[in-house]
Amino acid sequence: MSQQSRGPRRPAKPYRRPHKDPVRLLAFEALRAVDERDAYANLVLPPLLRKAREKEGPDKFDGRDAALATELVYGTLRRQGTYDAIIAECVDRPLREVDPPVLDVLSLGAHQLLGTRIPSHAAVSASVELARVVLGDGRAKFVNAVLRKVAQDDLDGWLAKVAPPYDQDPEDHLAVVHSHPRWVVSALWDSLGGGRAGIEELLAADNERPEVTLVARPGRATTGELLGEEAAVPGRWSPYAVRLSEGGEPGAIEAVQEGRAGVQDEGSQLVALALANAPLDGPDETWLDGCAGPGGKAALLAALAAERGAALLASEKQPHRAGLVEKALHGNPGPYQVIAADGTRPPWRPGTFDRILMDVPCTGLGALRRRPEARWRRRPEDLDNFAPLQRGLLRTAIDSVRVGGVVGYATCSPHLAETRAVVQDVLKQRPETELLDARPLLPGVPELGGGPDVQLWPHLHGTDAMYLALIRRTG
C-alpha cells in the first residue's frame with residue numbers, strides 16, 4: 001500500500017518543554033520534604049522561599065508569589081484527609097498504591113480546585129505542567145485525568161459524597177469534613193466535654209491560618225513600639241501581646257531582630273504570666289523553666305523575673321535546643337543561666353526554686369493550626385510514650401520547688417491523657433501539694449471552665465490549646 005493511499009501524514013507535534021512554575025515547584029518540594037524527611041513545613045518553607053527569591057529575582061518571585069506558595073503548602077497539609085477521600089473516589093486503585101510524589105501533585109491540584117479561588121482550568125493546567133516537570137509526561141496524563149474528575153464538583157458537593165452521614169457515624173463524618181484523624185476528633189471531643197457545635201468550631205479553627213503574635217519582652221520593648229508596625233493590633237488577653245493582623249513579616253521588625261521582642265502565641269504568654277503572678281508564701285528570688293526549649297516562655301519569664309530582682313535558670317535536655325534558649329535570653333536585663341540537663345535527673349538540689357514552669361513534651365495537638373502535618377504524623381500510641389516522661393517531669397518539679405512555692409504544669413495539648421490525668425495521678429501520690437485556681441490569674445479571659453486548672457482553645461480564645469495547672473507545695 002503506497003504512502004499516498006494512506007493520505008497525507010500529519011506533521012509530528014514539536015516537543016514542548018514543560019513550564020517550570022516556581023511557586024508550585026516550591027510547594028511540591030516542601031510537601032516532599034514533609035513526607036520524606038518528616039520535616040515541619042514551618043521550618044522547611046522559609047529557606048525554600050529565600051532560595052526562590054534569590055534564584056528568580058524579586059521581580060519574578062514577589063510577595064504575592066510567596067503568599068501563594070505558603071497557602072498551597074499549608075492549605076494542602078491542613079485539608080489532606082479531606083482531599084485524600086476525594087481523590088480516592090477519582091482513581092482506579094487504592095490510594096496507598098499511588099506513588100507519594102504523584103499524590104502530592106494531586107493534593108496540590110485538589111487544593112487549588114476546592115480550597116482557593118484559582119479558576120478550575122488554570123488549577124488543572126498548572127498542576128499538569130507541574131507533573132510534567134517533576135513526574136514526566138506519562139504520569140502527567142494520569143494527573144490530568146484525575147483532576148478533571150475532581151473539578152466536576154465543588155468542595156460541598158464532594159463532602160456530601162465522601163463523608164458518611166453525621167447521624168450514622170459522627171466521628172468519621174467530622175474527620176472527613178474537617179480533615180482530622182478520627183482518633184484526634186474523638187480525643188478533642190472528650191476534652192471539650194461533648195456537644196456538636198463546640199467540636200465543629202474547634203476543628204474548623206484548626207484549619208484556619210493563625211495570626212502571627214508578638215511578645216514585647218518586659219524591660220526591653222513595649223507594645224507601643226510594636227504597635228507602630230504596619231498591620232499591628234493589640235493582643236486579646238496578654239498585656240505584652242501584639243498581633244500582626246495581615247500576616248506581616250516579624251523578621252523585618254527591629255525589636256524582633258534585636259531579641260527585645262519575639263514571636264510567641266498568646267496562649268504561651270498567658271501560661272508564663274499566670275505562673276509569674278501566682279501567689280507565693282515566702283521569698284520570690286529563684287525561678288526555673290525546666291523544659292525551656294526553644295526559649296519563648298523562658299525569655300518572657302526571665303524578663304518578668306528581672307523586674308522583681310529574681311533570677312531564672314533555664315534548663316533544656318537537648319544541647320542544640322539549649323542553644324536556642326541562650327539566643328532567646330541574650331540581652332535579658334536581669335540574671336539568668338542556661339544549662340543542658342535532663343529534667344528527670346536534675347543537677348540542682350531539691351527545694352531550690354520559688355517558681356517552676358514545666359512545659360512538658362507532648363503530642364502537640366494544641367498547635368495543629370501552626371503544624372498541620374502533626375495531625376497526620378501522630379499516633380494514639382504516642383500518648384503512652386509521653387506519659388512516663390510527663391509524670392516524671394512533674395514529680396521532679398514538685399521535688400525541686402520549696403515549701404510554699406508554685407509549680408506550673410503546662411502542655412500544648414488538650415488531650416486529657418496529657419493534662420488532667422497526669423496531674424491527678426501525680427498529686428494522688430503527693431499529699432503535700434494543693435491545686436491553685438489558675439483562672440483569676442488570666443484576668444479578662446472568658447470561658448475558662450470550672451477550674452481549678454485552665455484549658456485554652458483556638459475557637460474560644462484565638463490561642464493554641466494550651467493547658468495549665470498550678471500546684472503549690474504545702475509541706
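Here are a few things to note about the model shown:
- Counted residue by residue at 0.36 nm each, then reduced by the alpha carbon distance between them, the extension gain from residue 51 to residue 395 reaches 119.2 nm.
- Global form of the range 63-106, assessed from the alpha-carbon gyration tensor, a/c cut-off 1.5: prolate
- Sparsely packed loop sites in the range 125-220 (the chymotrypsin sites (Phe, Trp or Tyr not before Pro) outside DSSP H, G, I, E and B with at most 15 other Cβ atoms within 10 Å) comprise 166.
- Highest mean packing first, where packing is the average number of other Cβ atoms within 10 Å per residue, the peptides 385-392, 117-124, 201-208 line up as 201-208, 385-392, 117-124.
- Counting only alpha carbon atoms, the long axis of helix 381-400 and the longest principal axis of the chain meet at about 20°.
- Amide hydrogen neighbours beyond the local backbone of residue 288, cut-off 5 Å, H modeled: 313, 355, 356, 357
- Helix-only mean residue ellipticity at 222 nm for the chain, each DSSP H run of n ≥ 4 adding -39500 (n - 2.57), per residue, nearest 500: -14000 deg cm²/dmol
- Heavy-atom accessible area per residue - the chain, 1.4 Å, Å²: 46
- Summed side-chain charge close to residue 173 - residues other than residue 173 whose Cβ falls under 11 Å, Lys, Arg +1, Asp, Glu -1: -3
- Karplus-derived HN-Hα couplings along the range 327-337 (A = 6.51, B = -1.76, C = 1.60, θ = phi - 60°), whole Hz, x at Gly and Pro: 5, 5, 8, 4, x, 4, x, x, x, 7, 9
- Note on residue 39 and residue 420: the extension gain reaches 134.1 nm, defined as 0.36 nm multiplied by sequence separation minus the Cα-Cα distance.
- Summarising the overall dimensions of the range 236-340 from its C-alpha atoms, the Rg and Dmax are 13.9, 45 angstrom.
- Across the options 352, 400, 110, the greatest Cα extent toward the positive end of the charge dipole of the chain (unit charges at beta carbon of Lys, Arg, Asp, Glu) belongs to 110.
- Beyond 21 Å, the tail of the calculated P(r) for the range 313-433 holds 46 percent of the Cα pairs.
- Neighbours of residue 106 by Cβ distance under 11 Å: Lys/Arg scored +1, Asp/Glu scored -1, total -1.
- The range 361-400 and the range 322-356: distance between their alpha carbon centers, rounded to Å: 21
- According to the Cα-based calculation, Rg over Rh for the range 163-269 is 1.17, with Rh computed by the Kirkwood formula.
- Solvent-free Debye scattering, log10 I(q)/I(0), computed from the Cα coordinates of the range 87-156 at q = 0.15, 0.17, 0.21, 0.26 Å⁻¹: -0.41, -0.52, -0.81, -1.21
- Euclidean distance of C-alpha centroids, the range 96-160 and the range 224-274, integer Å: 38
- Long-range HN-HN contacts of residue 404 with modeled amide H, under 5 Å: 473, 474, 475
- Using a Förster distance of 25 Å, the FRET efficiency for residue 349-residue 277 (Cβ separation, nearest 0.05): 0.45
- Lys, Arg +1 and Asp, Glu -1 on Cβ, resulting dipole of the chain about Cα centre, debye, nearest 20: 1740
- Of the solvent-accessible surface of the chain, computed with a 1.4 Å probe and all protein chains present, 50% belongs to carbon and sulfur.
- Spin-label model, residue 208/residue 144: points 7 Å from Cα along the beta carbon direction are separated by 4.1 nm.
- The label-point distance for residue 152 and residue 330, in a model that sets each label 7 Å from Cα toward Cβ, rounds to 5.9 nm.
- Just so you know, the Cα atoms of the range 408-475 work out to an Rg and Dmax of 12.2, 39 Å.
- Folded to 0 to 90 degrees: helix 196-206 orientation relative to the chain principal axis, Cα: 80
- Straight-line reach from residue 428: taking Cα to Cα under 29 Å and skipping same-chain neighbours fewer than 8 places apart, the lysines in range are 297, 317.
- For the chain, the longest principal axis of the C-alpha atoms and the axis of helix 63-78 are separated by about 80°.
- The orientation-averaged projected area of the convex hull spanned by the Cα atoms of the chain comes to 27.3 nm².
- When the convex hull of its Cα atoms is projected in every direction, mean area for the range 339-410 (nm²): 5.7
- Selected from 23, 383, 212, residue furthest toward positive end of dipole (the chain; charges at beta carbon): 23
The values are calculated or read from the model by the stated rules, or taken from the named source; none is laboratory data. From a predicted model like this one, the values you see are computed outputs, not experimental measurements. Don't worry about glycine lacking a Cβ; one is built from the backbone with ideal geometry, like all the others, and counts go over all protein chains shown. Accessible surface areas use protein heavy atoms only, side chains included; no ligands, DNA or RNA. Shrake-Rupley method; radii C 1.70, N 1.55, O 1.52, S 1.80 Å.
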